[in-house]
Each structure stands twice: as structure tokens, then as C-alpha cells.
Amino acid sequence: MNFMIIILVLAVVQGVCEFLPISSSGHLLVLGEYFLPQGAVWDESQQIALSVLLHAGTLLSILVVYRHTVADMFLRNRRLLALVLVATFPTGLIGLGIKKFAAPMETSLPMAAVGFLVTAVLLFCVIASGRRATGRATGRITGERPAENSSSVAQDTQFTPFSHNISFYDAFFIGLIQGIAVLPGFSRSGLTLAAGMTRRLSQGEAAAFSFLIAIPALLGAIVLEVIHPVATADEGVSVFFREHILLLSVAFLISFAVGVVSLKLLLHWLQEGTLHYWGYWLIAMAVLTVLTMV
């Protein structure tokens, strides 16, 4: 397949799968088995450059959609900022631990198949139930200011004191579960949404917190990818950027734009109670993953 098409396809996949509960890493791993030709020139420098760009694009998607909530978190709601930091701590420990001691698992097809199935089970058993805590405020899950008479689940989290509905134990637990999403097939959004709802958060609160804690997680992934070539004095990344600046810029914009649409769709499907239907897609992906190993 043409190198340019591969880059653009991967940008779309990253934008779609980063937010929908279907695992971007799992999809990129499985699709790579089908679409990257054997013996293709796809060195580490190219992988690092592309990973940084695509993660940066999806990070920008969150900042745009949740811009009011993020601004509120830094300017006024310091408790929410503390909760995000508490959640980030176990995520970082688990992510670094897997990368250091179990790196082969990050490219393991059997692990991807297991991850797809586990995420599907969570979608069907937890998210489909839409459980909410009695007496807790309904969370708001978009980044836009609420319109008059709009549904409560279509309003911005910053307009309710939703951070007071999350304990520091809740934040630590959700961050712990987020760390598992380093493994392929385990959807970050799916796992953290389910974790939040098992802690008796409303769908809106779980969604808002899930995407807020994705900000440091994505930043960490970008920093780790950048540190490696710097530490090893590898100039391949900078050379790759210079040689393909236009293509990579387009890939960045695609991952950002598709990410915004995907995030909005996830919030809509969560509100409509249909997000769990993606579990069927995950089962199909698990089957496809097994077939690549046969």
C-alpha cells in the first residue's frame, strides 16, 4: 500500500479509536498485520514521529471539546485538578512498568484479542446498565455551555460541582484501570468509563473525568516518545519530520478533526444509551485478531 495512504489511514484510525471504546492500539496493531506489507520500510524513527503527531492531534481534540472545563480546572476548581493528578499517578506507574518489564505485550496479538473481549464485556455489563448513584447530581458530558432547557447529560461538567462527587479513592481507582489500557485491545475510554460507573458515578461524571485524565496520559505518551530519540541522539525523527512535513501536518489535522467528531459521537451515544453496541464490533475484532494468528 502507498506510504502516504498508510499514514492517512492510521491518522483516521487514531482519531476514531482514541475516543470510541474500541482501542486505538489494538486496531493499529491488527490493521498493521493486514495493510503493512512484509518487509516494508517502517523504522523506529518513522513510528515515533507518527505516534507523536497522532497523539498530539487527539490530545488537541480533548482540549477543544472540553475547553471550558479544562480552563475551569486550572483557574478555579483546584480539587478537580488534584483528582486528575491522583488518577495520573497509578496510570504512569502501570504504563511505565509494562513498557519496562512487559514491552512485548504491547505488540501481542493474543493480548489484543483478550483486550477486545474484556472491553466488550465491560460495555455490555457495566456501561449498558447506565447505573447511577442515588442522590448524586447528574454529570454533564460535553464541552459546550448548556442551552436553555437542554438535557442534563448534554451540559458542561463545569456548571455542576461534579468534582465533589468523586473521592480521591475513586480517582486513584479509575487511574489504576486506565494504566491497563497501555495494552492493545483494552480501550482507555471504555475501561475508565466502566471504572467510573462501578464507583457509582453518573455516566456524565464518568465521561468527563475519563477525558480529563486522558490529557496527562496522552501528554505522557508524547513525552516518552520524544525522550527516546533525544536520549539516544537519534536524528532520524527530525529528519523524518523535515522530509514529510506536509504529510505529517495533514495527518495531525485528520487525527484532530476525526477525534473531535468521535468524541462528540461518543458523548451522544452515551446519552442515548447505545454506546454498548460497540461491544459487537469488539467481538468481531477479537475474531479477526485470532484469524491473523492462524
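The values are calculated or read from the model by the stated rules, or taken from the named source; none is laboratory data. What you are looking at is a predicted structure, and each value in this text was computed from that prediction instead of being measured. Note: accessible area is taken over every heavy atom of the protein model, side chains too, but ligands, DNA and RNA are not part of it. Shrake-Rupley method; radii C 1.70, N 1.55, O 1.52, S 1.80 Å.
Structural remarks
- The HN-Hα couplings worked out from phi for segment 68-74 by the Karplus form 6.51 cos²θ - 1.76 cosθ + 1.60 (θ = phi - 60°) are 5, 5, 5, 4, 4, 4, 7 Hz, whole numbers, x standing for Gly and Pro.
- Accessible area per residue was computed with a 1.4 Å probe on protein heavy atoms; Tyr34 scores about 110 Å².
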